[in-house]
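Report on the following structure.
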């Protein structure tokens, strides 16, 4: 029997986009959004002696670097001493930049090209509450309820830039003993989203040698370098999309670099929307009494074609849940619907459940038992505003007055690394719902320029406000 839970909550974005909060809201059961963080010192097999103290030799060895562009020995000694004292006092390790005096590690990024000219305060602001590194922008699904208003122009992060970023974060992890590009106080903990308004499973890029890479390649590399896993949520892919299909097969065999898997199923996908459109046209033709109704059958056929196309696609996608390595048990179907939809709209809870039942009907009973389903009412954000009848709520959901942005908003705001290396901060409106993004006046030093194709431009935070945020 399929396990179903009902969570009518406001999610940050609809469709397959990222979700806030802990996993008790995201997935059924006790699976947390991230595992208890194992500090990188322990992960890298640094020994702890019988007196519960970190082996000083291993720390000093870890923090010993050569080269004139490396951090000063004074910086490395301070980090080692602070980590040792913190462990002796709390019997746990430092896993956040908050614990350090940033003025004493100002040269921590020295020699790491991707963080060229970054100070420790730049690093602190850019990684405070970071929750995503965007490998892609734009989405081919074009769902009608997309809270992120994803465009259909798709831009991927250059593979060599991504490798440089992963290596750079890995070097910082070696120097600090932890990766600052995951915030233990935030909901992603030792995991991070590789997407925002895109489907991560569609990531498809060539490196400088012409070799293609998919999202599994990116997740595996990032985990090996940084110890941080990817959170993957997808709204599906075509079975003939070899790169996406291969990525899914790789995750099924080795999900070690993935924190969780979510499969978003709903009647808002462009395929189902086309099916509903033709169904309405057929119904309109049927009402023509005594008139030509020759197109009714044609419309019904087209309606069924698009519904079957979606069902077949999602059957292939869902088939990967039972295939998952038995040690990986954090996967779920996220079934979405419009809580205010009227009967006959095709968007109600019953409509969504019927769609899911058609998708799952090909699976044997034993396989269906492994599939969890989380029911989710959509939040009326972005394109989903068309389904919201309350104009007050629609107006309140987007608060974009960046001129009133305070230094504390910059400090505490949710951070995102864009495909072009820019650091974005999310300004949240009433109820903690997301709005548009603003750019920090600091970015990654990518060797290969990535031109983000978009019709919208971000608000750029003035230097004066940024400096106040850094020195708060």
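The values are calculated or read from the model by the stated rules, or taken from the named source; none is laboratory data. Keep in mind that this is a model prediction, so the values were computed, not measured. Note that we place each Cβ from the backbone using ideal geometry, even for glycine, and neighbour counts take in every protein chain shown.
Looking only at residues of segment 311-343 that are within 15 Å of residue 273 (Cβ to Cβ) and free of Cβ contacts under 8 Å to residues at least 60 places away in the same chain, we find that the one that is farthest from the chain's Cα centre (by Cα) is 341.
Exactly one residue out of 154, 130 is closer than 20 Å to residue 383 by Cα and within 18 Å of the chain's Cα centre (by Cα): that is 154.
Only one of the numbered conditions (1) surrounded by fewer than 16 Cβ atoms within 10 Å (Cβ to Cβ); (2) at pLDDT 85 or above is not met by residue 468, and that is (2).
Filtered by the rule that a residue be assigned to a loop (DSSP other than H, G, I, E, B), modelled with pLDDT of 90 or more and within 12 Å of the chain's Cα centre (by Cα), segment 170-200 gives 194, 195, 198, 199.
With the requirement that a residue be farther than 18 Å from residue 117 by Cα and either buried (at least 18 other Cβ atoms within 10 Å of the Cβ) or in contact with a strand residue (DSSP E or B) (Cβ under 9 Å, 6 or more places away or on another chain) (or both), what does segment 98-107 give you? Correct list: 100 only. Hey, does segment 142-159 have a residue that's surrounded by fewer than 22 Cβ atoms within 10 Å (Cβ to Cβ), in a helix (DSSP H, G or I) and free of Cβ contacts under 8 Å to residues at least 60 places away in the same chain? The answer is no, given that none of the residues of segment 142-159 is surrounded by fewer than 22 Cβ atoms within 10 Å (Cβ to Cβ), in a helix (DSSP H, G or I) and free of Cβ contacts under 8 Å to residues at least 60 places away in the same chain. Sort out which residues of segment 223-246 are crowded, with 22+ Cβ neighbours inside 10 Å, without any contact (Cβ under 8 Å) to a residue 60 or more places away in the chain and in a helix (DSSP H, G or I), and write them in order of number. Once the filter is applied, which keeps residues that are crowded, with 22+ Cβ neighbours inside 10 Å, without any contact (Cβ under 8 Å) to a residue 60 or more places away in the chain and in a helix (DSSP H, G or I), segment 223-246 yields only 244.
Residue 255 meets each of the listed conditions (1) buried (at least 21 other Cβ atoms within 10 Å of the Cβ); (2) in contact with a helix residue (DSSP H, G or I) (Cβ under 9 Å, 6 or more places away or on another chain) apart from (2). Residue selection: residue 368 fails the criterion of being under 30 Å from residue 469 (Cβ atoms) and at pLDDT below 90. State whether the residues of segment 380-397 include one that is surrounded by 13 or more Cβ atoms within 10 Å (Cβ to Cβ), at pLDDT below 95, under 30 Å from residue 329 (Cβ atoms) and under 26 Å from the mean Cα position of the chain (by Cα). Checked against the condition, which is being surrounded by 13 or more Cβ atoms within 10 Å (Cβ to Cβ), at pLDDT below 95, under 30 Å from residue 329 (Cβ atoms) and under 26 Å from the mean Cα position of the chain (by Cα), segment 380-397 yields no hits at all.
The number of residues in segment 290-307 that are surrounded by 13 or more Cβ atoms within 10 Å (Cβ to Cβ) and in a helix (DSSP H, G or I) comes to 11. When residue 346 is tested against (1) under 25 Å from residue 238 (Cβ atoms); (2) touching a strand residue (DSSP E or B) at 6+ places or on another chain (Cβ under 9 Å); (3) at pLDDT 90 or above; (4) in a loop (DSSP other than H, G, I, E, B), exactly one condition is not met: (2). Taking the conditions (1) at pLDDT 95 or above; (2) farther than 27 Å from residue 259 by Cα; (3) crowded, with 19+ Cβ neighbours inside 10 Å in turn, residue 310 satisfies each one other than (2). Within segment 207-222, the set of residues being closer than 20 Å to residue 450 by Cβ and not in a loop (DSSP other than H, G, I, E, B) comprises 212, 213, 214, 215, 217, 218, 219, 221, 222.
Can you pull out the residues in segment 248-275 that are over 15 Å from residue 328 (Cβ atoms) and part of a helix (DSSP H, G or I)? Correct list: 270, 271, 272, 273, 274, 275.
Give segment 69-95 a look and list any residue that's touching a residue at least 40 places away in the same chain (Cβ under 8 Å) and in contact with a helix residue (DSSP H, G or I) (Cβ under 9 Å, 6 or more places away or on another chain), or say none. Listed by number, the residues that qualify are 70, 71, 76, 79, 83, 92, 93, 94, 95.
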